[in-house]
Amino acid sequence: MNERSPHAAYTVRDTPPAAGERGPRPAAAADPGPRGAKAPGRRVRALATSRLLGWLVVAVCLALWQAATSGGLATSPVFPPLSDVLTAWWHGARDGTLPHALLATLSVTLAGYAIAAVGGVLLGVLMGRIRVAHGLLEPLIELIRPIPITALVPLLVLLIGIGDQLKIFAVCLAAAFPVILNTFAGIRSVSRTLRETGLTFGLSGPRAMWEIDIRHALPQIFTGLRTALAMSLIIAVFSEMISGNTGIGFQILTSQQTLDVTALYTQVFTLAAVGYLINLLFLLVEGVVLPWRPGSPRRGTS
């Protein structure tokens with residue numbers, strides 16, 4: 001005897017089917033409707049995952065700031081109207097004060113970052129491939145790495161002196177550690193099977209190092225380079241506050257000492273915009289070098 005359950009999509013048998021007899025057929029799938037029916041949902045998801053929604057949040061926050069200060073809801077002297085900040089920023093950009101300070105900061109940032117990037121990748125590859133090098137360098141790196149750069153800068157002032165060399169050295173020292181550690185981890189993640197396969201195809205020496213080890217570790221190397229880039233800008237600004245007479249960091253310290261709150265907001269906003277643009281530029285370069293990496297701009301458009 002056969003029964004049909006009201007909750008089942010096919011016929012339920014009390015006894016199994018006989019030999020050679022076909023089993024119950026599944027119920028026909030529901031018609032999914034036209035292919036374009038889910039298009040609005042895809043558009044909503046794409047909008048939610050894009051940067052457009054994030055910029056909309058930023059715009060709303062800035063609008064609330066302006067409304068609160070101009071409408072009298074926020075009258076604190078440390079909270080100037082956004083319109084005053086933008087006006088001060090425009091004046092600083094036109095008279096050259098802001099671009100000159102920004103150029104000084106970026107020159108220190110990029111100089112220290114370049115040295116840290118090249119040296120960090122070389123040390124990371126060396127430690128990852130040669131056990132003796134790892135044994136010699138790992139204790140020294142792990143002893144220096146936990147020390148805050150804020151504690152080292154006063155000591156560096158005594159050892160190196162006040163000037164650009166101090167700022168560049170401080171940036172290089174702070175930015176080198178993420179590059180070294182990520183490069184080391186990427187090189188160590190290369191399996192023996194992968195290296196033996198390379199030997200089978202005639203890859204050895206420097207060519208095997210490039211084609212197998214470094215190319216395999218590139219995603220982690222770029223992760224370390226991206227972290228070091230943001231850290232370089234932070235340390236450059238901090239070192240300008242400690243020992244400098246130019247740069248955005250020096251201007252921020254001067255504005256704080258003279259209670260020029262509007263100029264202080266202008267300089268901080270400039271740093272935020274420059275940091276965002278530098279990170280965006282780095283991601284574009286990463287997308288060209290690593291187009292297969294998840295989240296790559298080129299992969300997203302393919």
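Some observations on this one:
- Total formal charge among the other residues, if their Cβ is under 15 angstrom from that of Leu152, Lys/Arg +1 and Asp/Glu -1: +2
- Each Lys or Arg adds one and each Asp or Glu subtracts one; over the other residues with Cβ under 10 Å from the Cβ of Gly249, this totals 0.
- Scoring 212-223, 238-249, 91-102, 142-153 by mean Cβ neighbours within 10 Å over their residues and listing the highest first yields 238-249, 212-223, 91-102, 142-153.
- Within-12-Å neighbourhood charge of Ala170 [Cβ basis; K, R +1; D, E -1]: -1
- Rounded to the nearest 20, the size of the Cβ-charge dipole of segment 82-296 about its Cα centre is 780 debye, with Lys and Arg at +1 and Asp and Glu at -1.
Bear in mind these aren't lab numbers, they're just calculated from the coordinates by the rules spelled out. Because the structure is predicted, anything quoted here is derived from the model rather than measured. Don't worry about glycine lacking a Cβ; one is built from the backbone with ideal geometry, like all the others, and counts go over all protein chains shown.
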